[in-house]
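Q: Once you've had a glance at the structure underneath, I'll fire off some questions.
The values are calculated or read from the model by the stated rules, or taken from the named source; none is laboratory data. What you see is a predicted model; the values in this text were computed from it and never measured. A quick note on method: Cβ atoms are made from the backbone with ideal geometry, for glycine too, and the neighbour counts reach across all protein chains shown.
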Amino acid sequence: MLKTLAAGGGMLAMPAAIREVLGAPEPDVEIVLTATKGEAPILSGRATPVWAYRGKVVKGDAGSAQSIPGSYLGPIIRVRKGQRVRLVLENGLGEPTNIHWHGLHVPDDMDGHPRHTAAPGKRYVYEFEIRDRAGTYWFHPHTHGRTGRQIYFGLAGLFLIHDEEEHAAKLPSGEYDVPLILQDRSFDAENRLVFLSDERARQGTRGGMMGGGMMGMMTRMMGFLGERILVNGRPDATLSVATRPYRLRLLNASNARIFKLAWDDGSPLTVVGTDGGLLEAPVQRPYVTLSPGERLELWADFSGHAVGTELTMRSLAFAGDMAMRGGMMGGGMMGMMGMMMGNQELPNGAAFPVFRVRVARSEKAPATPPKRLSNIVRYRPENAVNYRRPRLFNITMGMMEWGINGRSFEMEGVAEDEIVRLNTSEIWEFTNDASMGMMGMMAHPIHIHGLQFQILERSVSPALAEARNSVSAGYVDEGWKDEVFLMPGERAKVLVAFRDFPGLFPYHCHMLEHADTGLMRNYLVRA
Ligand code: C2O
Ligand code: CU
């Protein structure tokens, strides 16, 4: 599907003889991922210029890198727990890039920290053992200030891990295990992707409040919202299914869009997995809330529908950023600015269809979800070294600058209160009630690199409870998470444990424009 314009340099990995001398074990799987510019047919008419990964399995099962039919996204990387993998990034982009393995527990120089990038024409070799449980992880670039742009133009793929426990749960597999990567994009009349203009962003306020300069800068800080919903890189997605259960793996790979997903016939959703793999048992929700970077797995049974039925997965209305800003600012100058910013067509909180399901054929299969999915070992809060004094992380907005505890991102910078000890667990508390800056308040999905955590508790300030309650019935906090989504006025305590790998890891908001403009910090795990 992807037509390549410029190929990356085809270099080989370290020769086996040298590796032997160095004592490095040979990997079970080796995949070369070339980040390259090309074009893909997305809308009718002209092909769209995109940036994409081309995957090539050099060693191991040919299915270790699978392309999604008809999509420029991916490839889907599929590995098993315990395997050693080598992933060679070849940078054919013309600007620095790297890859973050979102959700994976890997050493700090393998994690895709923004300080580790491959220059144009160069490579970065990632090599690690798969230590995480079966689940839906993903990968994407993480170059500071450019992450939003690089993902937007197409660099993103799923990273699926399988293990014995998952196998025993007997979930729908093969063609009944369906990846659904949700993104929002905007196109111009020539079918080109429209993103933030660097020029505008750089001009800052020079254009005046109504001019492009201010608007560009504001969007750059608030988050980019597209007008069209793409699923696996395609508009108007329709899934053709049989009358049986499916495993739907949802990834929100949007820059800043929040989804509140529900079936149009009102039937509840059965959730079987979150960021860090399967839940202990399925849970039901009237709808699910999926913020940028998060994953959810659904067990979706179509056996109750007649062949020929059509269903729609919709994103329902909620109190989005617009409502927040309008409400908070009472339609004053800031409220008005809120109305002008971002996307007037499809603001966060608007209702829209996401994809359709057409029941196309009948097929018999067991139609109850497994009662038991996996075993989750709970961390004990009282074992946390700071049990009585959770480490506090306030999301802040200074003089037009995002931050955490008043500090914004510094490439290698880490503060005293961001240093933790290897082999300890801690309670971290994130608060989103201190960021009442000139933008009003926004929702922030907070992501911690290098580990999976457990969500202990949440609370919301009473004045903002109504807006929070418009999405909170869709939270799935039961399983392993690498992100915690916070609506305005909300706080959450999470239990984190620092194992195996000392080093410097980022934690940040996964609204990509927030992270790119400073809502990111490092934490240091000290041996
Ligand atoms: Cu998916 Cu640091 O991010
Ligand atoms: Cu944010």
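Q: Would you check if A365 is closer than 30 Å to A300 by Cα, out of contact with any Cys (no Cβ under 9 Å at 6 or more places or on another chain), surrounded by fewer than 15 Cβ atoms within 10 Å (Cβ to Cβ) and at pLDDT below 95?
A: yes
Q: Going through R458, R491, R499 one at a time, which residue ends up being within 21 Å of T274 (Cβ to Cβ) and free of Cβ contacts under 8 Å to residues at least 40 places away in the same chain?
A: Every option except R458 fails the conditions.
Q: Related question: Check Q454 against each of (1) away from ligand 1 (no atom under 16 Å from the Cβ); (2) touching a strand residue (DSSP E or B) at 6+ places or on another chain (Cβ under 8 Å); (3) over 20 Å from V283 (Cβ atoms); (4) modelled with pLDDT of 95 or more and name the one condition it does not meet.
A: Of everything listed in (1) away from ligand 1 (no atom under 16 Å from the Cβ); (2) touching a strand residue (DSSP E or B) at 6+ places or on another chain (Cβ under 8 Å); (3) over 20 Å from V283 (Cβ atoms); (4) modelled with pLDDT of 95 or more, Q454 misses just condition (3).
Q: Got a number for residues in the stretch 92-110 being in a strand (DSSP E or B) and either of a type in the set (V, I, T) or closer than 16 Å to G157 by Cα (or both)?
A: Qualifying residue count, the stretch 92-110: 4.
Q: Specify the residue that is farthest from the chain's Cα centre (by Cα); the eligible residues are those in the stretch 85-121 that are surrounded by 21 or more Cβ atoms within 10 Å (Cβ to Cβ) and acidic (D, E).
A: Top of the filtered list is E90.
Q: Which number in (1) away from ligand 2 (no atom under 16 Å from the Cβ); (2) outside any helix (DSSP H, G or I); (3) among the charged types (D, E, K, R) marks the one condition that D433 misses?
A: (1)
Q: Additional query: Kindly provide the set of residues from the stretch 83-93 that are in contact (Cβ under 8 Å) with a residue 60 or more places away in the chain and within 29 Å of H167 (Cα to Cα), ordered by number.
A: If the condition is that a residue be in contact (Cβ under 8 Å) with a residue 60 or more places away in the chain and within 29 Å of H167 (Cα to Cα), then R86, V88 are the ones that fit.
Q: Those residues that are in contact with a Cys (Cβ under 8 Å, 6 or more places away or on another chain) and either more than 16 Å from ligand 2 (Cβ to nearest atom) or not aromatic (F, W, Y) (or both), I need them from the stretch 390-422; list them, please.
A: I395
Q: State whether the residues of the stretch 461-479 include one that is closer than 16 Å to D275 by Cα and within 16 Å of ligand 1 (Cβ to nearest atom).
A: no
Q: Then there is this: Mind checking which pairs have a first residue in the stretch 387-403 that is farther than 19 Å from V484 by Cβ and a second that is within 16 Å of ligand 1 (Cβ to nearest atom), Cβ under 6 Å, 6 or more apart or different chains?
A: E401/S408; E401/G518
Q: Could you tell me which residue of the stretch 486-527 is surrounded by the fewest Cβ atoms within 10 Å (Cβ to Cβ), considering only residues that are of a type in the set (D, E) and out of contact with any Ser or Thr (no Cβ under 6 Å at 6 or more places or on another chain)?
A: D500
Q: May I ask you to say which residue of I455, I427, I446 is within 22 Å of P381 (Cβ to Cβ), within 16 Å of ligand 2 (Cβ to nearest atom) and not in a loop (DSSP other than H, G, I, E, B)?
A: Of I455, I427, I446, the one residue that is within 22 Å of P381 (Cβ to Cβ), within 16 Å of ligand 2 (Cβ to nearest atom) and not in a loop (DSSP other than H, G, I, E, B) is I446.
Q: In the stretch 52-78, which residues are assigned to a strand (DSSP E or B) and crowded, with 24+ Cβ neighbours inside 10 Å?
A: Result: A52, Y53, A65, I77.
Q: Moving on. Select from the stretch 397-411 the residues that are within 16 Å of ligand 1 (Cβ to nearest atom) and in a loop (DSSP other than H, G, I, E, B) and list them in ascending order.
A: Selection gives S408, F409, E410, M411.
Q: Right, here's the next one. Condition test on G82, is it on the phi > 0 side of the Ramachandran plot and not in a strand (DSSP E or B)?
A: Yes; evaluated as a whole, the condition is true for this residue.
Q: Looking at (1) more than 14 Å from the chain's Cα centre (by Cα); (2) more than 16 Å from ligand 1 (Cβ to nearest atom), find the lone condition where L180 falls short.
A: (1)
Q: Test each condition in (1) among the polar types (S, T, N, Q); (2) under 16 Å from C509 (Cβ atoms); (3) free of Cβ contacts under 8 Å to residues at least 12 places away in the same chain for N432 and report the one that comes out false.
A: Looking at each condition in turn, N432 falls short on (3).
Q: Which condition number in (1) surrounded by fewer than 16 Cβ atoms within 10 Å (Cβ to Cβ); (2) over 30 Å from A306 (Cβ atoms); (3) touching a strand residue (DSSP E or B) at 6+ places or on another chain (Cβ under 7 Å) is the one that I404 fails?
A: Result: I404 passes all but (1).
Q: Moving on to the next point. Which of the residues belonging to the stretch 252-294 are among the charged types (D, E, K, R) and within 26 Å of Q150 (Cα to Cα)?
A: Result: R257, K260, D275, E294.
Q: May I pose another question? Collect the residues in the stretch 451-477 that are closer than 30 Å to H113 by Cα and touching a Phe, Trp or Tyr at 6+ places or on another chain (Cβ under 6 Å), keeping them in residue-number order.
A: Q452, Q454, listed by residue number.
Q: Picking from P107, P96, P114, which residue would you name as being closer than 21 Å to G276 by Cα and in contact (Cβ under 8 Å) with a residue 12 or more places away in the chain?
A: Testing whether each residue is closer than 21 Å to G276 by Cα and in contact (Cβ under 8 Å) with a residue 12 or more places away in the chain leaves just P107.
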